[in-house]
Amino acid sequence: MPEALKRIIDMIHYLPGIGEKTAAKLAFFLLKANKTYVANFAKALSDLHEKVRECEVCHGMTDVEHPTCPICSDVRRDDTMICVVEDYLDMLSIDRTGVFRGRYHVLGGVISPIQWTTPDKLNYDSLFARILENPSISEIILAMNPNIEGEATALYAIGHMPREVRISRLSKWLPHAGSIEYADEITLLSAFKGRG
Ligand SMILES: [Zn+2]
């Protein structure tokens, strides 16, 4: 097999959820595809790290020229609620439903002793600082995934809240969905409406 083809197969195979056969199929597709498409694809890939940065407020993703993401910059959003999520994809899944119009905070993972993820590696400090600095915040919604790590992550937040604030949780509504990312819209809607 040509070296360049083998290299691209290996690169694609490295992606999560992509087996060797699928990787080979996709690599072959790219080889046969329109050259402009492939050039644009390569450019988009190389731009990814240079044009995307973390939002200074919520730790979601934003264009490199904007320090805060569209959600944090939106003045029509409800400032009294912060929905705390594990990662940016969860934030997107929830926001897509339109059920929640408050602010978000991305922790950047879960507490996991097996993966050496301790609380200091997550964005708790900036969350607690936001809560202290903004007296208008009255509710924190913990939208962790329904598993042991999600539970530990939520409990740490509850145990370290810097001031009195209403804390609500979604997890008990989500077990059937398995995770926020894969929950359907109706499950997420009822998870938010029935939070407690
Ligand atoms: Zn943001």
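The values are calculated or read from the model by the stated rules, or taken from the named source; none is laboratory data. None of the values given here were measured: they were computed from a predicted structure. Virtual Cβ from ideal backbone geometry, glycine too; neighbours counted across all protein chains shown.
How many residues does the stretch 112-133 contain that are aromatic (Phe, Trp, Tyr) and either under 18 Å from the mean Cα position of the chain (by Cα) or at negative phi (or both)?
The number of residues fulfilling the criteria is 2.
Please name all residue pairs, on different chains or six or more residues apart, with Cβ atoms under 7 Å, provided the first residue is in the stretch 61-81 and is more than 8 Å from the ligand (Cβ to nearest atom) and the second residue is among the hydroxyl-bearing types (Ser, Thr, Tyr) and part of a helix (DSSP H, G or I). Final answer for the pair search is 61/88.
Of these, 98, 108, which one is in contact with a Leu (Cβ under 6 Å, 6 or more places away or on another chain) and on the phi > 0 side of the Ramachandran plot?
On the way: 98 fails: in contact with a Leu (Cβ under 6 Å, 6 or more places away or on another chain).
Within the list 98, 108, the selection yields 108.
Counting the residues of the stretch 25-60 that are touching a Phe, Trp or Tyr at 6+ places or on another chain (Cβ under 7 Å) and more than 9 Å from the ligand (Cβ to nearest atom) gives 0. A residue that is more than 18 Å from the chain's Cα centre (by Cα), farther than 27 Å from residue 190 by Cβ and surrounded by 15 or more Cβ atoms within 10 Å (Cβ to Cβ) cannot be found anywhere in the stretch 66-85.
Residue-wise test of (1) of a type in the set (Phe, Trp, Tyr); (2) within 19 Å of the chain's Cα centre (by Cα); (3) modelled with pLDDT of 85 or more.
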site	(1), (2), (3)
135	no, no, yes
140	no, yes, yes
143	no, yes, yes
147	no, yes, yes
153	no, yes, yes
171	no, yes, no
178	no, yes, no
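Reported count of residues in the stretch 56-66, each being touching a strand residue (DSSP E or B) at 6+ places or on another chain (Cβ under 6 Å), within 14 Å of residue 85 (Cα to Cα) and in a loop (DSSP other than H, G, I, E, B), is 3.
Of all the criteria given as (1) within 21 Å of the chain's Cα centre (by Cα); (2) away from the ligand (no atom under 13 Å from the Cβ); (3) β-branched (Val, Ile, Thr); (4) farther than 25 Å from residue 166 by Cα, the one not satisfied by residue 22 is (1).
Taken over the stretch 82-115, the criterion of being within 17 Å of residue 138 (Cα to Cα), in contact with a His (Cβ under 7 Å, 6 or more places away or on another chain) and more than 12 Å from the ligand (Cβ to nearest atom) is satisfied by 84 alone. Here residue 86 does not fit the description of being in contact with a Pro (Cβ under 6 Å, 6 or more places away or on another chain) and under 19 Å from residue 124 (Cα atoms).
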